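Notes follow the structure.
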Amino acid sequence: MEPPVEPADPIDEIAILLRNTNYSREVCVEKLNELGSVEAVIKDYLGVRVEKYSTVTVNQGIYTSIRKFLDRDSRI
């Protein structure tokens with residue numbers, strides 16, 4: 001069994017950001033406080049877009065479409 005992962009030290013996180021970006025130490029601290037994680041800061045630096053997916057199932061989508069269709073037709 002592997003030992004649990006300990007939380008990263010903020011100094012280590014800043015060092016990682018300094019190695020992987022062209023940000024200064026002040027900008028790294030600011031971005032880390034703003035975005036919350038090293039991965040998020042690096043994704044922001046690289047311009048990676050985070051896509052949010054809908055949690056609607058296929059059946060929910062079908063019945064939503066049917067309800068909208070029937071509501072629209074009942075108004076005419």
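Taking the range 26-76 only, how many residues are under 25 Å from residue 9 (Cα atoms), among the charged types (D, E, K, R) and in contact with a helix residue (DSSP H, G or I) (Cβ under 9 Å, 6 or more places away or on another chain)? Total satisfying the criteria: 4. Out of 63, 45, 23, one residue alone is assigned to a helix (DSSP H, G or I), more than 14 Å from the chain's Cα centre (by Cα) and aromatic (Phe, Trp, Tyr). It is 63.
Rule-based calculations on the coordinates, nothing more; no lab input. Owing to the predicted nature of the structure, the values given are computational and were not obtained by experimental measurement. With ideal geometry, Cβ positions are generated from the backbone for all residues, glycine too; neighbour counts draw on all protein chains shown.
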